[in-house]
Amino acid sequence: MARKEQLSVGVLIRSGSSNGAVTVLESDELGLVSECRCATGSIPSAVAGYAVGCVLVDTTTGYVYANTGSTSSCTFWGGSPSASVSPSRSPSRSPSVSPSASISPSVSPSVSPSV
């Protein structure tokens, strides 16, 4: 028997239930899976029930995928070892470890006096 814990947060539902080989972590207000995890050989394809943008973590490789298909026929794309493939509606469980992309050298000379 699958263990199921559920907590409503606004319109999202946090869940620890199993959907076959896929563990559902979060569903939206329509009951569509918005966050889940599974092993490499169990990544769903062309099935209904996954929100567009649903984040799937491959428990074998740690890669992150996103549903770029539709709610009636999912297509998980990405396969990135990155911690995020799209903005999340849920709080982060760990801080970012990647360097900021906003650091760049200035192309104009300084007009301030040097100290």
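Structural remarks
- Amide proton proximity set for residue 25, modelled H, under 5 Å, gap of 5+: 35, 36, 37
- Computed from the C-beta positions of residue 61 and residue 30 and an R0 of 35 Å, the FRET efficiency is 0.75 to the nearest 0.05.
- Distant-in-sequence amide H partners of residue 79 (H built 1.01 Å from N, under 5 Å): 64, 65, 66
- Taking label points 7 Å from Cα along the Cα-to-Cβ direction, residue 45 and residue 75 give a separation of 1.2 nm.
- The stretch between residue 21 and residue 37, if pulled fully straight at 0.36 nm per residue, gains 4.9 nm over its current Cα-Cα span.
Computed from the coordinates by the stated procedures, all read-outs in this text should not be read as laboratory data. These numbers come from a predicted model, not from an experiment. Backbone-built Cβ (ideal geometry, glycine too); neighbour counts: all protein chains shown.
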